[in-house]
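The values are calculated or read from the model by the stated rules, or taken from the named source; none is laboratory data. Treat the numbers as computed from the prediction; the structure is a model and nothing was measured. Note: ideal-geometry Cβ built from the backbone for every residue, glycine included; neighbour counts use all protein chains shown.
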């Protein structure tokens with residue numbers, strides 16, 4: 001084993017044999033990193049104890065071991081030994097060790113249990129059991145899964161499959177030849193952390209519903225999205241609506257449902273905004289289950305617009321001068337007389353008006369006046 005560690009630290013890791021947590025471990029006994037002024041992704045070690053190994057913790061109260069310095073160097077972005085926080089053995093042991101891994105860099109949906117075969121060496125064994133059965137056997141199964149990168153995944157040889165979570169050996173630590181204690185320096189904040197990722201992935205055709213309604217108009221058309229299980233494992237899920245509003249349909253199933261691999265599932269949204277005042281109404285449809293990104297929130301927005309005001313009827317004002325007598329036309333021969341017709345558009349619309357009188361006619365779209373000639 002290479003003893004030249006990063007940051008001028010020269011020490012091999014202690015002999016480790018580990019796989020999964022004991023199945024009797026439950027969430028009720030889990031701790032939180034903040035209980036010890038820690039956070040998810042911190043590197044920890046009880047360096048002055050009989051187990052100076054380095055672990056990384058998650059937010060569910062579990063930790064994973066870096067089996068040897070070579071594997072630890074695959075995660076240089078964590079800051080090396082300079083980033084390790086020294087804790088007491090009691091704090092280290094409060095986080096239960098997990099050996100459930102998944103190659104998240106390649107988005108491999110399979111979960112593997114690690115089984116040591118010698119000093120600082122181990123195999124990865126596929127836990128070949130449906131996700132639902134794994135949760136039945138161990139309700140905290142997903143919380144124990146740690147992401148590893150492709151370098152670490154490729155480093156391990158493959159062992160035989162485990163057909164059940166119960167077949168995975170429990171974690172234990174074998175005493176071996178004592179190893180030198182690593183020298184630690186300051187403790188900066190880690191840059192990036194592997195986090196537990198549940199098995200399964202859902203692909204959604206859209207991420208929101210939006211409706212618009214004008215008072216007195218037609219009701220909005222129903223909408224529908226689909227989601228597909230793109231993994232190889234059935235995914236159990238449930239649907240809920242935040243503060244179920246009266247304007248949104250209430251036909252969503254409240255029991256646990258299952259999305260099977262490569263089979264699209266439809267999710268509809270219908271609404272009836274009749275009687276609602278103008279404004280914007282919102283709610284959220286939530287899908288929660290054993291898939292990456294859970295819970296998935298689908299916003300639903302309904303916009304109600306007031307009915308438009310009635311359009312006033314355009315009006316014209318028409319006046320005729322000298323309605324009781326004819327006016328003499330001074331520019332024409334004697335005997336020619338005329339009336340003056342004035343047309344005024346008193347609306348805010350463009351109107352066209354036409355007239356016919358004594359054999360003459362005309363049309364106009366603006367305000368105008370004209371003379372009608374005749375013989376008295």
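What to note about this one:
- Residues located in the stretch 243-263, provided they are closer than 22 Å to residue 221 by Cα and either surrounded by fewer than 18 Cβ atoms within 10 Å (Cβ to Cβ) or out of contact with any strand residue (DSSP E or B) (no Cβ under 7 Å at 6 or more places or on another chain) (or both): 244, 245, 246, 249, 250, 251, 252, 253
- Just one of the numbered conditions (1) in contact with a helix residue (DSSP H, G or I) (Cβ under 6 Å, 6 or more places away or on another chain); (2) modelled with pLDDT of 90 or more is not true of residue 290: (2).
- Sole residue being outside any loop (DSSP other than H, G, I, E, B) and out of contact with any helix residue (DSSP H, G or I) (no Cβ under 9 Å at 6 or more places or on another chain), chosen from 281, 252: 281
- Within the stretch 204-242, considering residues that are touching a helix residue (DSSP H, G or I) at 6+ places or on another chain (Cβ under 9 Å) and part of a strand (DSSP E or B), the one surrounded by the fewest Cβ atoms within 10 Å (Cβ to Cβ): 236
- The stretch 361-376 - residue that is assigned to a strand (DSSP E or B) and modelled with pLDDT under 70 and, of those, surrounded by the fewest Cβ atoms within 10 Å (Cβ to Cβ): 375
- Residue tally, condition farther than 7 Å from residue 228 by Cα and not in a loop (DSSP other than H, G, I, E, B), over the stretch 258-274: 8
- Applying the criterion of at least 3 residues that are surrounded by 14 or more Cβ atoms within 10 Å (Cβ to Cβ), within 30 Å of the chain's Cα centre (by Cα) and at pLDDT 90 or above to the strands (runs of 3 or more DSSP E) found wholly in the stretch 94-203 leaves 100-103, 145-148.
- Within the stretch 218-259, the residues that satisfy the criterion of being farther than 16 Å from residue 297 by Cβ, at pLDDT 90 or above and more than 21 Å from the chain's Cα centre (by Cα) are 218, 219, 220, 221, 222, 246, 247.
- Every condition in (1) at pLDDT 75 or above; (2) assigned to a strand (DSSP E or B); (3) not assigned by TED's automatic domain parsing to the domain that holds residue 240 holds for residue 343 except the one numbered (1).
- Among the residues of the stretch 206-216, those identified as closer than 19 Å to residue 306 by Cα and at pLDDT 90 or above are 210, 211, 212, 213, 214, 215.
- The one condition in (1) outside any loop (DSSP other than H, G, I, E, B); (2) modelled with pLDDT of 75 or more; (3) over 30 Å from residue 222 (Cβ atoms) that residue 302 fails to fulfil: (3)
- Residue count for the stretch 271-283, restricted to those that are within 26 Å of the chain's Cα centre (by Cα) and either in contact (Cβ under 8 Å) with a residue 60 or more places away in the chain or crowded, with 16+ Cβ neighbours inside 10 Å (or both): 3.
- In the set (1) modelled with pLDDT of 75 or more; (2) part of a loop (DSSP other than H, G, I, E, B), the condition left unmet by residue 354 is number (2).
- Exclusive hit being touching a helix residue (DSSP H, G or I) at 6+ places or on another chain (Cβ under 8 Å) and in contact (Cβ under 8 Å) with a residue 40 or more places away in the chain, set 91, 114, 86: 91
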